[in-house]
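Colleague: After the structure tokens below, expect a handful of questions from me.
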Protein chains: 2
Amino acid sequence: MSTDHEPSPMLNFYYAPRCCALASHIVLEEVGASYQRTRLDFTKNEQRSMAYLAINPKARVPALVTSHGVLTETPAILAYLAQTFPAANLAPLDDPWAFAQVQSFNAYLCATVHVAEAHWQRGNRWVDPDDAHAIAALKKKVPTSVFDAFELVERNLTGPWVMGERFTICDPYLFTLAQWMEFYQVNVAGLPRVIAHRARVAARPATQRAIAEELGRAA
Amino acid sequence: MSTDHEPSPMLNFYYAPRCCALASHIVLEEVGASYQRTRLDFTKNEQRSMAYLAINPKARVPALVTSHGVLTETPAILAYLAQTFPAANLAPLDDPWAFAQVQSFNAYLCATVHVAEAHWQRGNRWVDPDDAHAIAALKKKVPTSVFDAFELVERNLTGPWVMGERFTICDPYLFTLAQWMEFYQVNVAGLPRVIAHRARVAARPATQRAIAEELGRAA
């Protein structure tokens, strides 16, 4: 694990490049948080090191270490950042119904969209990794199951942002999962609004800073 | 679909018996909401009827119809009920860190525990349903993947309730998913705290009312 040395001791963000942690990474940039970053190298299996398991026994990223303790799970981290940096205005905190819609969208991304995608490379979570037929069968369905999951998003994506005129924590999360569609051989021609939304989020400075850092370049 | 005729026109809860909708059903009872219930018969594929797809295009339950619109996804429904019935005190609404822990727990149940369980009967979501080998391979791993998912809960379940001394929206959700462990051939002997927690939630009047209604008996 390699930690940078930015000034704040209050938040330490554990992530790996090119995974769902990017959503939280973008939101940390959007809210203007002062935070440290600790990058895990999945190719060295650092997520299973004793040091990291003491932080997150799930052996996954992201994890956000705060002065209160450790927070895991993307929807929880995103809502927490929106709540603790209210000036960034990234969630409708004073409107339970609107907040519930944000929560619903992010739960769908977490439990349906991301799960569908994970069957491409993480089939070993759900079948014996030595069962080559089953691993291949899971991978085979990903283009259609992921398309179907995004198609529901497509139908409702009528504004510039997921929640309409207002940019929220839903947007970086959708962007993050939508980045990988071509890799999963999803027919993106059938998802023009998701693609246009992806381009809008990609153009934001916070997104560009997070991605630049993850790819190891100077931000 | 069959709707009962309780007095409130404000909330209509769409559910099916013996599925994850029970968590929301219990919380509706816990908060003392006045609500209608509409039961879907999955054996008649009512979740795919045009009438229901107009309410929830995901073709799943639960869905909570409110005066504002439709809310789906269990974690979102649970947090919304906690927010809109604050007197029931089912979530630490004034403490962003404690609320984030509730959110994290429910996201884990939704995206890891429930997803692991779903590979037993809903393998067609992730592989070709005609691929008998793959369907069997998914089912084969469920006892261990679900055990492993609950084992993480077990380690942290040191109080009477998920969040310690305080009963929250996490508890009915954990109870609901833990109900099915024996069906999935999970080694429950290795999960004594989860089993004891399950018994505590089962003993609550709200749980008993929701289950009695789902099983079609008078509450």
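Colleague: Give the Rg (one decimal place) followed by the Dmax (whole number) of the protein assembly as shown, computed from C-alpha coordinates and expressed in Å.
Modeller: Radius of gyration, then largest Cα-Cα span, for the protein assembly as shown: 21.0, 66 Å.
Colleague: From other protein chains only, count the Cβ atoms within 10 Å of every residue's Cβ in A:108-121, then give the mean.
Modeller: Values: counts 5, 2, 8, 11, 7, 0, 2, 8, 2, 0, 3, 3, 0, 0.
Neighbouring Cβ atoms belonging to other protein chains average 4 per residue here.
Colleague: Sequence gap at least 6, Cα distance under 8 Å: using those rules, report the relative contact order of chain A to the nearest whole percent. Spell out each step's value before the answer.
Modeller: Details: 294 pairs, mean separation 46.8, N = 219.
Once normalised by length, the contact order is 21 percent.
Colleague: Could you list which residues have their amide H under 5 Å from that of B:ARG37, counting only those 5 or more apart in sequence or on another chain, with H placed in the peptide plane?
Modeller: HN-HN under 5 Å from B:ARG37: B:ASP4, B:GLU6, B:PHE13.
Colleague: Determine ³J(HN,Hα), in whole Hz, for all residues of region B:169-185 in sequence, where each value follows from phi through the Karplus function 6.51 cos²θ - 1.76 cosθ + 1.60 and θ = phi - 60°; x replaces Gly and Pro.
Modeller: After applying 6.51 cos²θ - 1.76 cosθ + 1.60, I find 4, 5, 5, x, 6, 4, 3, 4, 6, 6, 4, 9, 4, 5, 4, 8, 6 Hz.
Colleague: Give the peptides A:10-16, B:153-159, A:104-110 in descending order of average Cβ contacts within 10 Å, highest first. Don't skip to the answer; put the middle values down first.
Modeller: On the way: A:10-16: 20.4, B:153-159: 14.0, A:104-110: 25.1.
In descending order of packing, they fall as A:104-110, A:10-16, B:153-159.
Colleague: Can you give me the three principal axis dimensions of chain B from its C-alpha atoms, in Å, biggest first?
Modeller: 48, 44, 34
Colleague: Moving to a separate point now. How do A:SER34, B:SER145, B:SER67 rank when sorted from fewest to most other Cβ atoms within 10 Å of their own Cβ? Display every interim value, and only then the final one.
Modeller: Working: A:SER34 11, B:SER145 24, B:SER67 8.
If I rank by nearby Cβ atoms, fewest first, I get B:SER67, A:SER34, B:SER145.
Colleague: Can you give me the convex hull volume of the Cα atoms of region B:96-204, divided per residue and expressed in Å³? Numbers along the way, then the final one.
Modeller: Working: hull volume 10.3 nm³, N = 109.
Here the figure is 95 Å³ per residue.
Colleague: Something else now. For region A:100-157, what is the largest minus smallest coordinate of the Cα atoms on each principal axis, given in angstrom and ordered from greatest to least?
Modeller: Extents along the principal axes, in whole Å: 41, 19, 10.
Colleague: Something else about it: Which net charge results when you count Lys and Arg as +1 and Asp and Glu as -1 among the other residues whose beta-carbon is under 15 Å from that of A:HIS68? Working shown, then result.
Modeller: Numbers: positive: none; negative: B:ASP94, B:ASP95.
Spelling it out: positives minus negatives among the neighbours equals -2.
Colleague: Next question, about the same structure. I need the fraction of alpha carbon pairs in region B:59-152 separated by more than 19 Å, rounded to a whole percent. Each step should come with its number before you reach the end.
Modeller: On the way: 2438 of 4371 pairs.
It works out to 56 percent of all Cα pairs.
Colleague: Here is a follow-up. Run the numbers on region A:96-205 and let me know its relative contact order in percent, using alpha-carbon pairs under 8 Å that are six or more apart. Walk me through the intermediate numbers first.
Modeller: Details: 93 pairs, mean separation 31.2, N = 110.
Computed value for region A:96-205: 28 percent relative contact order.
Colleague: Evaluate peptide A:72-84: per residue, the Cβ atoms of other protein chains within 10 Å of its Cβ; return the mean as an integer. List each step's numbers first, then the result.
Modeller: Details: counts 6, 13, 3, 10, 11, 4, 2, 7, 7, 2, 1, 6, 3.
Other-chain Cβ atoms within 10 Å of each residue's Cβ, averaged: 6.
Colleague: Right, next: Just checking the output field for B:122-132: average partner chain Cβ neighbours within 10 Å of each residue's Cβ? Could the numbers behind the result be given before it?
Modeller: Values: counts 0, 5, 2, 8, 14, 12, 4, 1, 0, 7, 0.
Mean number of neighbouring Cβ atoms from other chains: 5.
Colleague: Give, rounded to the nearest 20 debye, the magnitude of the charge dipole that region A:65-207 has about its Cα centre when Lys and Arg contribute +1 at Cβ and Asp and Glu contribute -1 at Cβ. Show your work: numbers first, answer last.
Modeller: Numbers: 11 positive and 13 negative charges, 58 e Å.
Approximately 280 debye in magnitude.
Colleague: What shape does region A:2-90 have by the C-alpha gyration tensor, where a ≥ b ≥ c are the square roots of the eigenvalues, rounded means a/c under 1.5, and otherwise prolate means a/b greater than b/c and oblate the rest?
Modeller: Values: a/c = 1.75, a/b = 1.64, b/c = 1.07.
Judged from the Cα gyration tensor, region A:2-90 comes out prolate (a/c at least 1.5, a/b above b/c).
Colleague: In sequence order, what are the phi-derived ³J(HN,Hα) couplings for region A:193-208 according to the Karplus relation 6.51 cos²θ - 1.76 cosθ + 1.60 with θ = phi - 60°, rounded to whole Hz, with x for glycine and proline?
Modeller: Per residue, the Karplus-derived 3J(HN,Hα) values read 6, 5, 5, 5, 4, 4, 5, 5, 5, 4, 7, 6, x, 4, 4, 5 Hz.
Colleague: Check which residues have an amide H placed less than 5 Å from A:ALA16's amide H, if you skip close sequence neighbours.
Modeller: A:ALA21, A:LEU40
Colleague: Counting DSSP beta bridges with both partners in chain A, what percentage is antiparallel, nearest 5? Walk me through the intermediate numbers first.
Modeller: Details: 9 of 13 bridges.
Antiparallel bridges: around 70 percent, rounded to the nearest 5.
Rule-based calculations on the coordinates, nothing more; no lab input. If you're wondering where the values come from, they're calculated on a predicted model, not measured in any experiment. Glycine gets a Cβ as well: all are built from the backbone with ideal geometry, and neighbour counts include every protein chain shown.
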